[in-house]
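Single-structure report; data block below.
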Amino acid sequence: MTQHDSRPALGVSIAVFREGRVLVATRTKPPFVGAYSLPGGHVEAGETLEQAALRELYEEVAVTARIIGFNQHVETIRWENASQLSRQYVIASFVGAWVSGEGRPNHEVGEILWITPQELVKLPTTPALSAIVEDARRIFAQRACA
């Protein structure tokens, strides 16, 4: 692991729901190129986690949402080999309600889908995406109607 990568990277993601469907997109950059995932990315200095999630959502797919709540932390640890760490990410995953935008691909994301959480099992996804989205769906159902 390089000196620059000696600490975990802090990131965010957001499960945005619209009419019972969640927004997912394929990744065009490592890790997990070609896998469906939630929109998200790195937190910039001076941003709150919620601000970062909403900014990344708009930058990646041109969708706006409002935060419903926090879902969970997601950790990804990549190893070069059995004893050398490549990179570690700690991602704060949020739940959001769609406000506007249909989604559009760019240099960071390829195909964009609005799908039911149950349809995720048919797609190649980032690790544990179905479980993360299912937890987010429960939070959305509890808080969006409250």
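The values are calculated or read from the model by the stated rules, or taken from the named source; none is laboratory data. These numbers come from a predicted model, not from an experiment. Here the Cβ positions follow ideal geometry from the backbone for every residue, glycine too, while neighbour counts run over all protein chains shown.
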Looking across segment 83-102 at residues that are modelled with pLDDT under 95 and small (G, A, S), the single one that is farthest from A25 (Cα to Cα) is S83
Please pick out the residue among I91, I77 that is under 15 Å from the mean Cα position of the chain (by Cα) and hydrophobic (A, V, I, L, M, F, W, C).
I91
Inspect segment 65-73 for any residue being without any contact (Cβ under 8 Å) to a residue 24 or more places away in the chain, under 22 Å from R143 (Cβ atoms) and under 15 Å from the mean Cα position of the chain (by Cα) and give the result as yes or no.
yes
Selected residue [in contact with a helix residue (DSSP H, G or I) (Cβ under 7 Å, 6 or more places away or on another chain) and free of Cβ contacts under 8 Å to residues at least 40 places away in the same chain] from S100, S83, S130
S130
Of these, V16, V22, which one is touching a Pro at 6+ places or on another chain (Cβ under 7 Å) and either over 23 Å from K122 (Cα atoms) or surrounded by 23 or more Cβ atoms within 10 Å (Cβ to Cβ) (or both)?
V22
Does R21 fit the bill of being under 15 Å from L129 (Cβ atoms), of a type in the set (K, R) and either touching a Gly at 6+ places or on another chain (Cβ under 8 Å) or touching a residue at least 40 places away in the same chain (Cβ under 8 Å) (or both)?
yes
Wholly within segment 53-146, which strands (runs of 3 or more DSSP E) include no fewer than the required count, namely at least 3 residues that are within 12 Å of F17 (Cβ to Cβ) and of a type outside the set (S, T, N, Q)?
64-79, 85-100
Quick check: is even one residue across segment 75-82 at pLDDT 95 or above, of a type in the set (V, I, T) and in contact with a strand residue (DSSP E or B) (Cβ under 6 Å, 6 or more places away or on another chain)?
no
Those residues of segment 31-57 which are among the hydroxyl-bearing types (S, T, Y) and closer than 24 Å to K122 by Cβ amount to Y36, S37
Has segment 46-57 got any residue that is charged (D, E, K, R), at pLDDT 95 or above and surrounded by 19 or more Cβ atoms within 10 Å (Cβ to Cβ)?
yes
